[in-house]
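K.L.:
Please read through the structure below; I'll follow up with questions.
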Amino acid sequence: MGRLIRIAGALVALAITLGATSGDVNWPTYGGDGENHYSPLDQINVATIGRLGLAWHYDIDTPGSSFTAPIAVDGVIYMAAGHSVVHAIDAVSGKLLWAYDPKVAEVAGVRLRAAWGSRGIAYARGRVFVATLDGRLIALDAKTGTLAWSVVTVEPDDGRYITGAPWVFDDKVVIGHGGADFVPIRGYVTAYDQATGKQAWRFHTVPGNPAKGFENEAMAMAAKTWTGEWWKYGGGGTVWNAMAYDPKYHRIYIGTGNGTPWNQKIRSPDGGDNLFLCSIIALDADTGEYVWHYQVNPGEVWDYNAAMDIELAEVDIGGQKRDVLMQAPKNGFFYVIDRATGKLISAEPIVPLNWASAIDPKTGRPIENAEARYPDGKAAIVYPSMYGAHNVDAMSYSPHTRLAYIPIIDRGAVYVDPPRPFDKWTFLDRERFNGGVGAPPPGLNPRTPASALLAWNPATQKQAWRIPLQGGRDGGGTMVTAGGLLFQGRSTGQFVAMAADSGRQLWSFAAQTAVAAQPISYSVGGRQYVTVIAGARYPDAIGLPREWDYRTQQWRLLTFALDGRDRLPAATRHPEPYRTDPTFRIDPAKAARGAMVFGQRCIICHGMNAMSGGAAPHLLRSQLPLDLDAFTAIVRDGALRANGMPDFPELGREDVEGLQHYIRLRAREADALERPGKGHH
């Protein structure tokens, strides 16, 4: 009976992908067809790309992150803008059909400090599934937007939050969570019944307190790889981003995150592999039972993880067809893994790195550089950094070119033990970088960050081609099509199409803001469309090709088709100048205090050195910090909580005043750098 149900479910999924009645091709989940960010459509191709034009656009006015992947089913586009506000939009006309607001800002409380919104949603059996920052999983009627059910997947005040997309298969929907960078939590994934919201199973990714027993044999096995009292720190291993469903083996693959805290010397002082941190885990889709795992970073200590895209394909390796799983995690290697067994097939570096020299092909374990673990408190520059060689910007895989397309980052970071004992970690006192990384010594600086778009051959583990991009993080998520095209957005404001075999640029569109989210492609009435969300999501302007102002950019849903005739309105708004205010007298001691507060609480949204990349207002250009009472009402008392700005009630008046002085100091410094021969921009 179970096999028949799975076959029926696979047929339903195929009907959804191909279009229930019209023969059109849908994009019902985060990864599209086969998890690979690949479209089988070819109406828009190398020969016709010159006719591609904007069919329509929809202005997004919901506060919060624009970094989300839409889906498209039966002529309707669904997206979760900002804090998971779901929009249903006619895919042909761009007309809003309905919207559902889960009111996240009203209930999220301290979880608003996690900053991000939803990265994606899913469709199955007439319902749209979306998760929220405050930990809910919500099912909506796809036709009307009415609530079918809502479940809370986390515990009250535990600090867990959700930014990742749900995954759907058969009659289940699976969701993970984040939070391990902020609070002492233990990761897990949970499967729910699509019809009722009833929990079907849950799998923890790291072991809990041995005194309470273990949930299953997998947790008992994992506990043998931990030391000390790790459970007091939570352990981490959250499944905060990508998963993949494999219908052939009827498994769900999950990618786990870093340890909590980052520094293994604190959470597991006598070492150990610390399973299942930084691992790809195969679970039985019906029961959630452990099948196999592959750990990319045993004893993780750099905020690396295996939470990036998981691609599934059949690849010819050495003349033999192999069912493979592919991933480019943060650590800089590209992994090809046997899906049947979980055994490593191959792994090779895709960026310059120094934490390891290679991956041992026999054991599957990295051959580490011992100095990269910053022993005895000795600082080390490690490549890649905690931002990773590949982050959440989606990669894609084409069965035609047999290449994977990866937005990569070449960036290092200084790691060193924290300067004081580590004994407390909560959302209200989240010195998160001090949990694993101390202040770098003077003069120890990584090289200038760079970024590129890489086409990689998984069969040979060699580069096919590489396109250098501007700045330290220019490339957005990718999508590849059967038409021989590769689409990618750029932080420069361009949305481009390239020849997938060579990387040659064939087409470009000026989006008037950064395009970081991955595109999708689908068809309605026999016409192929390409849709992407435009809007700067980077919290940090440092290393980017240019700054996008939060207040003056317009986030949009852009949809393209052959012979599209729509036009964007002229971009007439320009950023405000830096607010230098020469009458304001900066107190260096107060500014130093403010710099510390900013680094602990504000940097995740407003950027390193208060240089915002567009994900939040640029404080150096804002008038609000000039008025201490108004600034206090916002920062400490939550006056703008409804707009997604969290409150920090633990801050004293002197802390907020310190922030004010630090922001004024940085505004003058930024203005002084910009003025010579340039003026304001």
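K.L.:
Looking at Thr559, Thr572, Thr583, which one is touching a residue at least 12 places away in the same chain (Cβ under 8 Å), β-branched (Val, Ile, Thr) and either surrounded by 15 or more Cβ atoms within 10 Å (Cβ to Cβ) or in a loop (DSSP other than H, G, I, E, B) (or both)?
P.N.:
Testing whether each residue is touching a residue at least 12 places away in the same chain (Cβ under 8 Å), β-branched (Val, Ile, Thr) and either surrounded by 15 or more Cβ atoms within 10 Å (Cβ to Cβ) or in a loop (DSSP other than H, G, I, E, B) (or both) leaves just Thr559.
K.L.:
Those residues that are assigned to a loop (DSSP other than H, G, I, E, B) and not small (Gly, Ala, Ser), I need them from the stretch 330-344; list them, please.
P.N.:
Lys330, Asn331, Arg339, Thr341, Lys343
K.L.:
Another question, if that's okay. Taking only the stretch 601-632 into account, find how many residues are under 20 Å from Asp671 (Cβ atoms), hydroxyl-bearing (Ser, Thr, Tyr) and not in a loop (DSSP other than H, G, I, E, B).
P.N.:
Here the count works out to 0.
K.L.:
Since Glu368 meets every condition but one in (1) modelled with pLDDT of 95 or more; (2) crowded, with 22+ Cβ neighbours inside 10 Å; (3) touching a Phe, Trp or Tyr at 6+ places or on another chain (Cβ under 7 Å), which condition does it not meet?
P.N.:
Of everything listed in (1) modelled with pLDDT of 95 or more; (2) crowded, with 22+ Cβ neighbours inside 10 Å; (3) touching a Phe, Trp or Tyr at 6+ places or on another chain (Cβ under 7 Å), Glu368 misses just condition (2).
K.L.:
Considering Pro28, Pro63, Pro40, which residue is on the phi < 0 side of the Ramachandran plot, modelled with pLDDT of 95 or more, surrounded by fewer than 21 Cβ atoms within 10 Å (Cβ to Cβ) and touching a helix residue (DSSP H, G or I) at 6+ places or on another chain (Cβ under 8 Å)?
P.N.:
Going through Pro28, Pro63, Pro40 in turn, the sole match is Pro40.
K.L.:
Pairs please, first residue from the stretch 121-136 and surrounded by fewer than 24 Cβ atoms within 10 Å (Cβ to Cβ), second anywhere and of a type in the set (Gly, Ala, Ser) and not in a loop (DSSP other than H, G, I, E, B), Cβ atoms under 7 Å, 6+ apart in sequence or on different chains.
P.N.:
Once the first residue is surrounded by fewer than 24 Cβ atoms within 10 Å (Cβ to Cβ) and sits in the stretch 121-136, its partners that are of a type in the set (Gly, Ala, Ser) and not in a loop (DSSP other than H, G, I, E, B) give Arg127/Ala139; Arg127/Ala148; Arg136/Ser150.
K.L.:
Restricting attention to the stretch 37-54, does a residue exist that is over 30 Å from Pro458 (Cβ atoms) and under 21 Å from the mean Cα position of the chain (by Cα)?
P.N.:
No, that holds for no residue.
K.L.:
Of all residues in the stretch 526-568, which are touching a Cys at 6+ places or on another chain (Cβ under 7 Å) and at pLDDT 85 or above?
P.N.:
none
K.L.:
Among the residues of the stretch 604-629, how many are aliphatic (A, V, I, L, M) and buried (at least 19 other Cβ atoms within 10 Å of the Cβ)?
P.N.:
Looking only at that region, the number is 7.
K.L.:
Within the stretch 217-255, can you find the residues that are surrounded by fewer than 17 Cβ atoms within 10 Å (Cβ to Cβ) and touching a Phe, Trp or Tyr at 6+ places or on another chain (Cβ under 8 Å)?
P.N.:
Answer for the stretch 217-255, where residues must be surrounded by fewer than 17 Cβ atoms within 10 Å (Cβ to Cβ) and touching a Phe, Trp or Tyr at 6+ places or on another chain (Cβ under 8 Å): Glu217, Ala220.
K.L.:
Do we find a residue being over 24 Å from His574 (Cα atoms) and surrounded by 16 or more Cβ atoms within 10 Å (Cβ to Cβ) anywhere in the stretch 666-674?
P.N.:
Looking for residues that are over 24 Å from His574 (Cα atoms) and surrounded by 16 or more Cβ atoms within 10 Å (Cβ to Cβ), one finds none in the stretch 666-674, hence no.
K.L.:
Looking at Ala211, Ala195, Ala220, which is the one that is in contact (Cβ under 8 Å) with a residue 12 or more places away in the chain and outside any loop (DSSP other than H, G, I, E, B)?
P.N.:
Ala220
K.L.:
Is it true that some residue in the stretch 442-454 is crowded, with 24+ Cβ neighbours inside 10 Å, in contact with a strand residue (DSSP E or B) (Cβ under 9 Å, 6 or more places away or on another chain) and outside any strand (DSSP E or B)?
P.N.:
No.
K.L.:
Inside the stretch 522-563, can you point out the residues that are touching a Gly at 6+ places or on another chain (Cβ under 8 Å) and under 19 Å from Tyr578 (Cβ atoms)?
P.N.:
Scanning the stretch 522-563 gives Ala536, Pro539, Asp540, Ala541, Ile542, Leu544, Arg546, Glu547, Trp548, Asp549, Tyr550, Gln553.
The values are calculated or read from the model by the stated rules, or taken from the named source; none is laboratory data. For clarity, every value in this text was computed on a predicted model and none was experimentally measured. Don't worry about glycine lacking a Cβ; one is built from the backbone with ideal geometry, like all the others, and counts go over all protein chains shown.
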